[in-house]
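The values are calculated or read from the model by the stated rules, or taken from the named source; none is laboratory data. Please read these numbers as outputs of a predicted model, since none were measured by experiment. Positions of Cβ are generated from backbone atoms using ideal geometry, with glycine treated the same way; all protein chains shown enter the neighbour counts. We work out accessible area using only protein heavy atoms, side chains counted, and drop any ligands, DNA or RNA first. Shrake-Rupley method; radii C 1.70, N 1.55, O 1.52, S 1.80 Å.
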Amino acid sequence: MKISEILKNNKVTVSFEVFPPKEWDKIESTKHIVRQMAKSRPAFMSVTYGAAGTRTGFTTEIANEINSSGVTALSHLTCLTSTKEKINDVLDEWHNNGIENILALRGDIPKGFVFPNDQNFRYAYELVNTIKARGDFCVGGASYPEIHPESKNRIEDIQHLKEKVDCGLDFLTTQMFFDNDIFLNFKENCLIKGIDIPIIAGIMPITNAGYIKRSIELSGCKLPKKFKRIVERFGENPAAMKQAGIIYATEQIIDLMANGQNNIHIYTMNKPDVAESIMKGLSEIINE
Ligand code: FAD
(Lines give C-alpha, C1' and ligand atoms only; values in the text may rest on other atoms or scores of the structure.)
Protein backbone atom coordinates (compact mmCIF):
# COMPACT_ATOMS: atom_id res chain seq x y z
CA MET A 1 0.00 0.00 0.00
CA LYS A 2 1.17 3.54 -0.68
CA ILE A 3 1.97 5.59 2.42
CA SER A 4 0.13 8.55 0.87
CA GLU A 5 -3.04 6.44 1.21
CA ILE A 6 -2.23 5.62 4.85
CA LEU A 7 -1.75 9.31 5.64
CA LYS A 8 -4.99 10.37 3.97
CA ASN A 9 -7.71 11.96 6.14
CA ASN A 10 -5.15 12.93 8.80
CA LYS A 11 -5.94 9.94 11.02
CA VAL A 12 -3.57 9.08 13.88
CA THR A 13 -0.66 6.93 12.63
CA VAL A 14 2.31 5.56 14.55
CA SER A 15 5.06 4.00 12.43
CA PHE A 16 8.44 2.44 13.28
CA GLU A 17 11.98 2.63 11.88
CA VAL A 18 14.34 -0.34 11.86
CA PHE A 19 17.86 -0.65 10.52
CA PRO A 20 19.35 -3.64 8.67
CA PRO A 21 22.28 -5.54 10.20
CA LYS A 22 25.88 -4.76 9.28
CA GLU A 23 26.66 -8.42 8.53
CA TRP A 24 24.63 -10.81 6.43
CA ASP A 25 24.72 -13.55 9.09
CA LYS A 26 22.57 -11.30 11.33
CA ILE A 27 19.83 -10.92 8.72
CA GLU A 28 17.60 -13.63 10.23
CA SER A 29 17.73 -12.06 13.71
CA THR A 30 16.77 -8.67 12.21
CA LYS A 31 13.87 -10.34 10.38
CA HIS A 32 12.80 -11.78 13.73
CA ILE A 33 12.84 -8.24 15.18
CA VAL A 34 10.64 -7.07 12.29
CA ARG A 35 8.12 -9.84 12.96
CA GLN A 36 8.05 -8.96 16.67
CA MET A 37 7.48 -5.30 15.90
CA ALA A 38 4.76 -6.06 13.36
CA LYS A 39 2.69 -7.49 16.24
CA SER A 40 2.30 -3.93 17.60
CA ARG A 41 0.49 -3.04 14.32
CA PRO A 42 2.41 0.07 13.27
CA ALA A 43 0.90 2.07 10.38
CA PHE A 44 4.07 1.23 8.39
CA MET A 45 7.71 0.39 9.04
CA SER A 46 10.73 2.04 7.44
CA VAL A 47 14.11 0.44 6.91
CA THR A 48 17.26 2.52 6.65
CA TYR A 49 19.87 2.40 3.90
CA GLY A 50 23.55 1.83 4.67
CA ALA A 51 25.68 4.99 4.77
CA ALA A 52 27.51 5.56 1.46
CA GLY A 53 25.04 3.31 -0.38
CA THR A 54 26.40 0.08 1.01
CA ARG A 55 24.42 -3.11 1.64
CA THR A 56 21.46 -2.31 -0.64
CA GLY A 57 20.49 -5.99 -0.60
CA PHE A 58 20.12 -5.87 3.19
CA THR A 59 17.57 -3.05 2.94
CA THR A 60 15.67 -4.94 0.22
CA GLU A 61 15.61 -8.12 2.31
CA ILE A 62 14.28 -6.33 5.40
CA ALA A 63 11.71 -4.34 3.37
CA ASN A 64 10.46 -7.64 1.91
CA GLU A 65 10.18 -9.06 5.43
CA ILE A 66 8.17 -6.02 6.57
CA ASN A 67 5.75 -6.42 3.64
CA SER A 68 5.47 -10.19 4.30
CA SER A 69 4.58 -9.43 7.94
CA GLY A 70 1.48 -7.61 6.71
CA VAL A 71 2.91 -4.12 7.42
CA THR A 72 3.62 -1.60 4.63
CA ALA A 73 7.36 -1.09 4.06
CA LEU A 74 9.14 2.20 3.43
CA SER A 75 12.67 1.73 2.04
CA HIS A 76 15.20 4.48 2.58
CA LEU A 77 17.50 5.23 -0.36
CA THR A 78 20.54 7.51 -0.41
CA CYS A 79 22.04 8.84 -3.63
CA LEU A 80 25.21 10.83 -2.95
CA THR A 81 27.69 8.05 -3.63
CA SER A 82 25.62 6.28 -6.30
CA THR A 83 25.51 6.73 -10.05
CA LYS A 84 22.18 7.35 -11.74
CA GLU A 85 22.54 3.92 -13.35
CA LYS A 86 22.92 2.19 -9.99
CA ILE A 87 19.90 4.07 -8.57
CA ASN A 88 17.77 2.98 -11.55
CA ASP A 89 18.86 -0.64 -10.97
CA VAL A 90 17.79 -0.39 -7.31
CA LEU A 91 14.44 1.14 -8.33
CA ASP A 92 13.86 -1.70 -10.84
CA GLU A 93 14.66 -4.26 -8.16
CA TRP A 94 12.36 -2.64 -5.59
CA HIS A 95 9.54 -2.31 -8.11
CA ASN A 96 9.91 -6.02 -8.96
CA ASN A 97 9.81 -6.86 -5.23
CA GLY A 98 6.56 -4.94 -4.72
CA ILE A 99 8.19 -2.18 -2.66
CA GLU A 100 6.02 0.89 -3.24
CA ASN A 101 7.40 3.52 -0.84
CA ILE A 102 10.80 5.20 -0.76
CA LEU A 103 12.31 7.81 1.57
CA ALA A 104 14.57 9.72 -0.86
CA LEU A 105 17.72 10.94 0.87
CA ARG A 106 21.00 12.48 -0.13
CA GLY A 107 23.11 10.77 2.54
CA ASP A 108 25.85 12.36 4.60
CA ILE A 109 28.97 13.56 2.78
CA PRO A 110 31.82 11.13 3.53
CA LYS A 111 35.10 12.73 4.68
CA GLY A 112 37.20 13.83 1.69
CA PHE A 113 34.37 13.11 -0.78
CA VAL A 114 34.73 14.83 -4.17
CA PHE A 115 31.73 15.05 -6.52
CA PRO A 116 32.99 12.91 -9.41
CA ASN A 117 30.81 13.81 -12.43
CA ASP A 118 27.28 14.48 -13.60
CA GLN A 119 26.41 10.81 -13.31
CA ASN A 120 26.07 11.45 -9.58
CA PHE A 121 23.52 13.24 -7.43
CA ARG A 122 24.36 16.29 -5.35
CA TYR A 123 21.10 16.82 -3.47
CA ALA A 124 18.07 14.73 -2.51
CA TYR A 125 15.71 16.71 -4.77
CA GLU A 126 17.53 15.23 -7.79
CA LEU A 127 16.80 11.74 -6.47
CA VAL A 128 13.16 12.72 -5.91
CA ASN A 129 12.98 13.82 -9.58
CA THR A 130 14.52 10.53 -10.74
CA ILE A 131 12.12 8.40 -8.68
CA LYS A 132 9.05 10.48 -9.47
CA ALA A 133 9.83 10.37 -13.22
CA ARG A 134 9.08 6.63 -13.10
CA GLY A 135 5.63 7.26 -11.67
CA ASP A 136 5.34 4.07 -9.65
CA PHE A 137 6.57 4.99 -6.15
CA CYS A 138 5.20 7.02 -3.26
CA VAL A 139 8.14 9.22 -2.16
CA GLY A 140 8.99 10.84 1.16
CA GLY A 141 11.84 13.16 2.11
CA ALA A 142 13.78 14.15 5.23
CA SER A 143 13.28 17.41 7.11
CA TYR A 144 15.00 19.04 10.06
CA PRO A 145 13.05 21.01 12.70
CA GLU A 146 16.41 22.27 14.09
CA ILE A 147 17.74 22.88 10.53
CA HIS A 148 20.13 20.64 8.62
CA PRO A 149 23.68 21.01 9.98
CA GLU A 150 25.02 22.16 6.57
CA SER A 151 22.44 24.95 6.17
CA LYS A 152 23.56 28.50 6.89
CA ASN A 153 20.21 29.49 8.39
CA ARG A 154 16.54 28.56 8.76
CA ILE A 155 15.46 30.62 5.72
CA GLU A 156 17.87 28.86 3.38
CA ASP A 157 17.00 25.45 4.90
CA ILE A 158 13.25 25.86 4.42
CA GLN A 159 13.71 27.29 0.92
CA HIS A 160 15.59 24.14 -0.13
CA LEU A 161 13.00 22.00 1.61
CA LYS A 162 10.24 23.73 -0.37
CA GLU A 163 12.14 23.09 -3.63
CA LYS A 164 12.45 19.39 -2.70
CA VAL A 165 8.75 19.14 -1.83
CA ASP A 166 7.84 20.79 -5.14
CA CYS A 167 9.61 17.96 -6.97
CA GLY A 168 6.60 15.84 -6.00
CA LEU A 169 7.22 14.57 -2.48
CA ASP A 170 4.22 12.88 -0.89
CA PHE A 171 5.29 13.37 2.74
CA LEU A 172 8.15 14.44 4.99
CA THR A 173 9.64 12.69 8.01
CA THR A 174 11.57 14.76 10.53
CA GLN A 175 14.86 14.26 12.21
CA MET A 176 14.44 13.36 15.89
CA PHE A 177 13.74 16.19 18.33
CA PHE A 178 13.08 16.29 22.08
CA ASP A 179 11.40 19.67 22.40
CA ASN A 180 7.92 19.72 20.88
CA ASP A 181 7.80 23.52 20.60
CA ILE A 182 10.68 23.35 18.11
CA PHE A 183 8.70 20.92 15.96
CA LEU A 184 5.44 22.87 16.20
CA ASN A 185 7.24 26.10 15.14
CA PHE A 186 8.87 24.25 12.26
CA LYS A 187 5.51 22.90 11.10
CA GLU A 188 4.02 26.39 11.20
CA ASN A 189 6.96 27.78 9.19
CA CYS A 190 6.45 25.02 6.62
CA LEU A 191 2.80 25.99 6.22
CA ILE A 192 3.74 29.67 5.86
CA LYS A 193 6.17 28.63 3.11
CA GLY A 194 3.41 26.64 1.35
CA ILE A 195 4.64 23.19 2.38
CA ASP A 196 1.34 21.46 3.00
CA ILE A 197 2.12 17.75 2.60
CA PRO A 198 1.96 15.54 5.74
CA ILE A 199 4.94 15.98 8.08
CA ILE A 200 5.62 12.90 10.19
CA ALA A 201 7.25 13.71 13.55
CA GLY A 202 10.34 11.57 14.29
CA ILE A 203 10.57 10.49 17.93
CA MET A 204 13.61 8.76 19.40
CA PRO A 205 13.05 7.00 22.74
CA ILE A 206 16.36 7.38 24.58
CA THR A 207 16.49 4.22 26.67
CA ASN A 208 20.22 4.14 27.26
CA ALA A 209 22.41 7.02 28.42
CA GLY A 210 25.09 5.92 25.92
CA TYR A 211 22.79 6.78 22.97
CA ILE A 212 22.47 10.37 23.95
CA LYS A 213 25.92 11.64 23.09
CA ARG A 214 25.90 9.85 19.73
CA SER A 215 22.34 10.91 18.87
CA ILE A 216 23.09 14.54 19.63
CA GLU A 217 26.33 14.45 17.65
CA LEU A 218 24.52 12.96 14.64
CA SER A 219 21.42 15.11 14.71
CA GLY A 220 22.60 18.33 16.35
CA CYS A 221 19.28 18.51 18.27
CA LYS A 222 18.86 20.22 21.63
CA LEU A 223 18.03 18.43 24.85
CA PRO A 224 15.45 20.17 27.07
CA LYS A 225 16.29 20.64 30.77
CA LYS A 226 13.60 18.14 31.75
CA PHE A 227 15.30 15.44 29.70
CA LYS A 228 18.81 16.33 30.96
CA ARG A 229 17.59 15.97 34.53
CA ILE A 230 16.20 12.51 33.76
CA VAL A 231 19.56 11.42 32.36
CA GLU A 232 21.46 12.90 35.32
CA ARG A 233 19.19 11.09 37.76
CA PHE A 234 18.77 7.70 36.00
CA GLY A 235 21.60 7.49 33.43
CA GLU A 236 23.68 5.12 35.56
CA ASN A 237 20.77 2.74 36.17
CA PRO A 238 19.96 0.99 32.84
CA ALA A 239 16.53 -0.36 33.86
CA ALA A 240 15.42 2.99 35.30
CA MET A 241 16.80 4.91 32.30
CA LYS A 242 14.95 2.62 29.91
CA GLN A 243 11.65 3.08 31.74
CA ALA A 244 12.12 6.86 31.96
CA GLY A 245 13.09 7.04 28.25
CA ILE A 246 9.95 5.14 27.22
CA ILE A 247 7.74 7.37 29.38
CA TYR A 248 9.40 10.56 28.09
CA ALA A 249 8.85 9.48 24.46
CA THR A 250 5.24 8.45 25.19
CA GLU A 251 4.51 11.79 26.87
CA GLN A 252 6.16 13.62 23.99
CA ILE A 253 3.87 11.81 21.54
CA ILE A 254 0.75 12.52 23.64
CA ASP A 255 1.65 16.22 23.79
CA LEU A 256 2.19 16.30 20.00
CA MET A 257 -1.17 14.66 19.42
CA ALA A 258 -2.84 17.10 21.83
CA ASN A 259 -1.35 19.83 19.60
CA GLY A 260 -2.94 18.34 16.48
CA GLN A 261 0.05 16.30 15.23
CA ASN A 262 -1.37 12.94 14.13
CA ASN A 263 1.56 11.26 12.35
CA ILE A 264 4.41 9.91 14.49
CA HIS A 265 7.46 7.86 13.48
CA ILE A 266 9.38 6.06 16.23
CA TYR A 267 13.12 5.47 15.84
CA THR A 268 12.95 2.08 17.57
CA MET A 269 16.69 1.27 17.50
CA ASN A 270 15.52 -2.29 16.67
CA LYS A 271 14.01 -2.77 20.14
CA PRO A 272 10.59 -4.45 19.87
CA ASP A 273 9.96 -4.22 23.63
CA VAL A 274 10.45 -0.43 23.57
CA ALA A 275 8.13 -0.05 20.56
CA GLU A 276 5.55 -2.30 22.20
CA SER A 277 5.66 -0.38 25.52
CA ILE A 278 5.09 2.93 23.75
CA MET A 279 2.20 1.48 21.74
CA LYS A 280 0.65 0.10 24.95
CA GLY A 281 0.99 3.53 26.57
CA LEU A 282 -0.93 5.01 23.62
CA SER A 283 -3.52 2.26 23.13
CA GLU A 284 -6.64 4.32 23.85
CA ILE A 285 -5.15 7.46 22.34
CA ILE A 286 -4.43 5.80 18.98
CA ASN A 287 -7.94 4.39 18.79
CA GLU A 288 -9.59 7.57 20.03
P1 FAD B 1 19.06 17.32 1.06
O2 FAD B 1 17.61 17.49 1.09
O3 FAD B 1 19.75 17.24 -0.25
O4 FAD B 1 19.72 18.47 1.95
C5 FAD B 1 21.09 18.43 2.33
C6 FAD B 1 21.61 19.85 2.53
O7 FAD B 1 21.71 20.48 1.24
C8 FAD B 1 20.70 20.73 3.36
O9 FAD B 1 21.50 21.60 4.12
C10 FAD B 1 19.91 21.51 2.32
O11 FAD B 1 19.41 22.74 2.81
C12 FAD B 1 20.97 21.68 1.24
N13 FAD B 1 20.40 21.83 -0.12
C14 FAD B 1 19.38 21.17 -0.66
N15 FAD B 1 19.16 21.56 -1.93
C16 FAD B 1 20.09 22.52 -2.20
C17 FAD B 1 20.41 23.31 -3.34
N18 FAD B 1 19.67 23.24 -4.46
N19 FAD B 1 21.44 24.18 -3.27
C20 FAD B 1 22.19 24.28 -2.13
N21 FAD B 1 21.92 23.56 -1.01
C22 FAD B 1 20.89 22.69 -1.05
N23 FAD B 1 21.20 8.65 6.02
C24 FAD B 1 21.57 7.43 5.55
O25 FAD B 1 22.73 7.25 5.15
N26 FAD B 1 20.69 6.38 5.50
C27 FAD B 1 19.40 6.50 5.92
O28 FAD B 1 18.61 5.55 5.85
C29 FAD B 1 18.97 7.77 6.44
N30 FAD B 1 17.69 7.96 6.87
C31 FAD B 1 17.29 9.20 7.31
C32 FAD B 1 15.94 9.40 7.69
C33 FAD B 1 15.50 10.64 8.15
C34 FAD B 1 14.05 10.82 8.54
C35 FAD B 1 16.43 11.72 8.25
C36 FAD B 1 15.97 13.06 8.77
C37 FAD B 1 17.76 11.55 7.86
C38 FAD B 1 18.21 10.30 7.38
N39 FAD B 1 19.52 10.08 6.95
C40 FAD B 1 19.92 8.84 6.48
C41 FAD B 1 20.52 11.17 7.06
C42 FAD B 1 20.56 12.06 5.77
O43 FAD B 1 21.06 11.28 4.70
C44 FAD B 1 21.49 13.24 6.07
O45 FAD B 1 20.90 14.08 7.03
C46 FAD B 1 21.99 14.04 4.87
O47 FAD B 1 23.07 14.88 5.33
C48 FAD B 1 20.97 14.94 4.21
O49 FAD B 1 20.06 14.23 3.51
P50 FAD B 1 18.76 14.99 2.86
O51 FAD B 1 18.05 13.95 2.10
O52 FAD B 1 18.04 15.73 3.90
O53 FAD B 1 19.52 15.98 1.86
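Ordering Met241, Met269 by how much accessible area each has at a 1.4 Å probe, largest first, what is the list?
These residues rank, largest area first, as Met269, Met241.
Ignoring solvent entirely, what values of log10 I(q)/I(0) come out of the Debye formula for the range 131-264 at 0.10, 0.11, 0.16, 0.21 Å⁻¹ when each Cα is a single scatterer?
-0.37, -0.44, -0.85, -1.23
Can you give me the relative contact order of the range 146-288 as a percent, contacts being Cα pairs under 8 Å and 6 or more apart?
RCO, the range 146-288: 26 percent.
Rolling a 1.4 angstrom probe over the protein heavy atoms, how many square angstrom per residue are accessible across the chain?
Ligands and nucleic acids excluded, the figure is 48 Å² per residue.
Largest first and in whole Å, what are the equivalent-ellipsoid semi-axes of the chain based on the Cα gyration tensor, each being the root of 5 times an eigenvalue?
Values for the chain, descending: 28, 22, 20 Å.
Which value in Å is the Kirkwood Rh of the range 1-138 over different Cα pairs?
Computed over Cα pairs of the range 1-138, the Kirkwood hydrodynamic radius comes out at 15.5 Å.
Show me the trypsin sites (Lys or Arg not before Pro) within the range 140-184 that DSSP assigns to loop and that have at most 16 other Cβ atoms within 10 Å of their Cβ.
Listed in order of number, the matching sites are Lys152.
Between Lys86 and Ser29, what is the spin-label point distance in nm, taking each point 7 Å from the Cα along the Cα→C-beta axis?
Placing both labels 7 Å along Cα→Cβ, they lie 2.8 nm apart.
Determine how large the accessible area of His95 is when every protein chain is in place; take a 1.4 Å probe and give Å² rounded to the nearest 10.
Surface accessible to solvent at His95 totals approximately 90 Å².
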